[in-house]
Amino acid sequence: MVQTTEIKRAVFFDLDDTIYDQLQPFNDAIKFLEEFPEDLKYEDIFKRSRQFSDILWNQYCNDVITLEELRVNRLVLAFNEFGHELTSHQALQIQEHYESRQGHIQVIDGFLEAFHTLRENGYMVGLITNGPVEHQWKKIKSLELDKYIPEELIFVSDAVGIAKPDPNIFIHVTSTLKIKPEHCYYVGDSWRNDVVPPIKAGWNSIWFNYRQRKPETNDQPFKTIYSFKEFSI
């Protein structure tokens, strides 16, 4: 009788703006200052600040700028692009209030259903997220993800020593878990960080494009979804 070895398959998720919506705490933080017009384009500024964050991340990883400078600069640049001057002090106030709202975040609709379906179908399910360890774990615990996902399947860039968009963080995960990259899927919202790098590492990327962004390169994700209700493999 020929014995067959069960194929290990895994799905990993991005955390920020994938499992929870960053826009709500962002809006709350700006409104807290009470210094901007009511018709401020919150979502447009938020989207642009996320893009600047992705661009500036490499500078942070290479010790060109500090994490505080990254957080200030992404806001200043985004506000300026929409014609609103933002001082470094105001940017820090927004960031501080934004962080204070991290304890009140909730998972995006449909995520837990998708998560449990994957687990029932035999997939390993984990997280790969950029950021400081303590900061990311605060959000993980606030979302109660640690109740469902074992610590060995949670990879935080500052703990690993590699950050997206470096595809080596995905190679590190497959090496650590002894799983083939072609059997791995990564779900995230950022084209630059969550779509292109896993493809380069031989993974299947699923673009969670619920903010209706446009592709930045000619890379082809395995699938594009606009809500977790559409999620399937």
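The values are calculated or read from the model by the stated rules, or taken from the named source; none is laboratory data. Just so you know, these numbers come straight off a predicted model, no measurement behind them. Quick reminder, even Gly has a Cβ in these numbers, built from the backbone with ideal geometry, and neighbours come from all protein chains shown.
Quick check on the stretch 126-139: of everything there that is buried (at least 18 other Cβ atoms within 10 Å of the Cβ) and over 12 Å from the mean Cα position of the chain (by Cα), which residue is nearest to P198 (Cα to Cα)?
Among those residues, the one meeting the criterion is G126.
Enumerate the helices (runs of 4 or more DSSP H) found wholly within the stretch 1-85, keeping only those where 3 or more residues are more than 23 Å from H135 (Cα to Cα) and either of a type in the set (A, V, I, L, M, F, W, C) or more than 19 Å from the chain's Cα centre (by Cα) (or both).
67-81
Scan the stretch 98-125 residue by residue and report those that are exposed (fewer than 13 other Cβ atoms within 10 Å of the Cβ), part of a helix (DSSP H, G or I) and modelled with pLDDT of 90 or more.
Of everything in the stretch 98-125, those that are exposed (fewer than 13 other Cβ atoms within 10 Å of the Cβ), part of a helix (DSSP H, G or I) and modelled with pLDDT of 90 or more turn out to be E113, H116, E120.
Exactly one condition in (1) modelled with pLDDT of 95 or more; (2) acidic (D, E); (3) farther than 24 Å from L145 by Cβ is false for E6; which is it?
(1)
Test I179 against the criterion of being more than 17 Å from D16 (Cα to Cα) and either assigned by TED's automatic domain parsing to the domain that holds E43 or not hydroxyl-bearing (S, T, Y) (or both), and give yes or no.
Here the answer is yes, as I179 does meet what is asked.
Out of all the residues in the stretch 191-199, is one or more in contact with a Cys (Cβ under 7 Å, 6 or more places away or on another chain), aliphatic (A, V, I, L, M) and crowded, with 19+ Cβ neighbours inside 10 Å?
Within the stretch 191-199, not a single residue is in contact with a Cys (Cβ under 7 Å, 6 or more places away or on another chain), aliphatic (A, V, I, L, M) and crowded, with 19+ Cβ neighbours inside 10 Å.
Just one of L75, L86 is modelled with pLDDT of 95 or more and surrounded by 20 or more Cβ atoms within 10 Å (Cβ to Cβ); which is it?
Sole residue among the options that is modelled with pLDDT of 95 or more and surrounded by 20 or more Cβ atoms within 10 Å (Cβ to Cβ): L75.
Cβ-Cβ distance below 9 Å, separation of 6 or more or different chains: which pairs start in the stretch 183-205 with a residue that is outside the structural domain of K47 (by TED's automatic domain parsing) and more than 15 Å from G126 (Cα to Cα) and end on one that is basic (K, R) and part of a helix (DSSP H, G or I)?
From residues that are outside the structural domain of K47 (by TED's automatic domain parsing) and more than 15 Å from G126 (Cα to Cα), the pairs are D189/R50; S190/R50.
Out of all the residues in the stretch 166-175, is one or more without any contact (Cβ under 8 Å) to a residue 12 or more places away in the chain, within 28 Å of Q59 (Cβ to Cβ) and not in a loop (DSSP other than H, G, I, E, B)?
Scanning the stretch 166-175 turns up at least one residue that is without any contact (Cβ under 8 Å) to a residue 12 or more places away in the chain, within 28 Å of Q59 (Cβ to Cβ) and not in a loop (DSSP other than H, G, I, E, B).
Evaluate the following for P198: is it at negative phi and assigned to a loop (DSSP other than H, G, I, E, B)?
Judged against the criteria, P198 is not a match.
Which count do you get for residues in the stretch 86-95 that are without any contact (Cβ under 8 Å) to a residue 40 or more places away in the chain and not in a loop (DSSP other than H, G, I, E, B)?
Residues in the stretch 86-95 being without any contact (Cβ under 8 Å) to a residue 40 or more places away in the chain and not in a loop (DSSP other than H, G, I, E, B): 4 in total.
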